[in-house]
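Report on the following structure.
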Amino acid sequence: MPSEDKGLASFRKLVADNPHKGTAGQVVALALGISEAGDRLSLGTFALYREASGLGDKVFSKLKVIGDRLGRLDDKTRGEVIKGLPPSYSAIYYLSCALTPEELATAVKKKQVTPKTSVRTATAYVKQVRYPRQAVSSSGVEKGRWSVKEDPLYRVCRPEDTTLSEDLQRSLERDLRKLCGQYGLVVRQATNESTTALRDAERRERAAFWRQVLEEQLPQKWFEETSQEVRKTFNLKVVEEVWDAPLRTFTGFLIRTGQGREHFYEDHGQAYVAKLHYLQETTESRSNRYYLKERVEEVLGHDKGKKLAIWRNVVLKNSGLL
């Protein structure tokens, strides 16, 4: 039997032995196997493995992300993390995207993530612990939004030799909130994470969200139905290359595979908006980020973009991130 066939047979056995709806250990074992295959195989051969897996494109892609992320941990740490993960690939995928592997390991160690954690509780944990600006505070702090930016003005510090009882701390916080409220300011409790770290974490979460939307808009089935000649023209062999293509290539390919430029927004407007948002959250260039933000607003403000604006708001609202 050729080595390639043996490899495919082994991969099929891996999928059979580790169902994606099985235990956390089975989910991670399958995810690591998919990730390893993606690193080792050519794009064309990897596409064959994906088809042979019998998994849907969305599930397969999520498992690969899980494998890529958890594969960064050493064997001992990863083993400890697996023991604390819930038996849900969706919950594991969300945690893997929203937290770094090290942060996930810490969350498991502190019992903040357990085998009983659901997607909903995982989302709540990430928002409340990692993104306090997005959580509704019991003290009446307004719910955060992605568009809100805050600049720290002052720090209130307690000298080492000054003691404050819990009652005095509550009284101080109450007075500070009352005073700051008169000037339209907000008091935040102290956090160990810097403003830059928080913004980077929020961008990672938004990037993961828009990547998922993009993949749902342009699934494997759609790619297989596109013209082979057009694919060859743009040198795109698998759907992952479309998702990761530069914006010009991405747009050109969608125009050629649809009904042309005139019907672009009707054919692929949602995928285009998702791509713009994804690039906006992943670029390291501040000028590029500004350009992409302006481009999104330009598209949504266009006569043909009104439906897209409504769609985007609904998607964000349903995700719980707006």
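All of Lys232, Lys237 fail the test of being open to solvent by 30 Å² or more (accessible area, probe 1.4 Å) and part of a helix (DSSP H, G or I), apart from Lys232.
Applying the set (1) of a type outside the set (A, V, I, L, M, F, W, C); (2) over 30 Å from Asp151 (Cα atoms); (3) open to solvent by less than 40 Å² (accessible area, probe 1.4 Å) to Pro219 leaves exactly one unmet item: (3). Looking only at residues in the range 279-311 that are outside any helix (DSSP H, G or I) and over 18 Å from His263 (Cβ atoms), the one that is most open to solvent (accessible area, probe 1.4 Å) is Glu284.
In the range 54-66, is there at least one residue being within 25 Å of Trp243 (Cβ to Cβ) and without any contact (Cβ under 8 Å) to a residue 12 or more places away in the chain?
To start, the set of residues in the range 54-66 that are within 25 Å of Trp243 (Cβ to Cβ) comprises 54-66.
From the residues that got through so far, the ones that are without any contact (Cβ under 8 Å) to a residue 12 or more places away in the chain too are 56.
Yes, some residue in the range 54-66 is within 25 Å of Trp243 (Cβ to Cβ) and without any contact (Cβ under 8 Å) to a residue 12 or more places away in the chain.
The single condition among (1) at negative phi; (2) open to solvent by 20 Å² or more (accessible area, probe 1.4 Å); (3) in a loop (DSSP other than H, G, I, E, B); (4) without any contact (Cβ under 8 Å) to a residue 60 or more places away in the chain that Glu102 does not satisfy is (3). Within the range 58-83, the residues that satisfy the criterion of being open to solvent by 10 Å² or more (accessible area, probe 1.4 Å), of a type outside the set (D, E, K, R) and part of a helix (DSSP H, G or I) are Val59, Ser61, Val65, Thr77, Gly79, Ile82.
The values are calculated or read from the model by the stated rules, or taken from the named source; none is laboratory data. What you are looking at is a predicted structure, and each value in this text was computed from that prediction instead of being measured. Note that we place each Cβ from the backbone using ideal geometry, even for glycine, and neighbour counts take in every protein chain shown. Heads up: the accessible areas ignore ligands, DNA and RNA and are worked out on the full protein's heavy atoms, side chains in. Shrake-Rupley method; radii C 1.70, N 1.55, O 1.52, S 1.80 Å.
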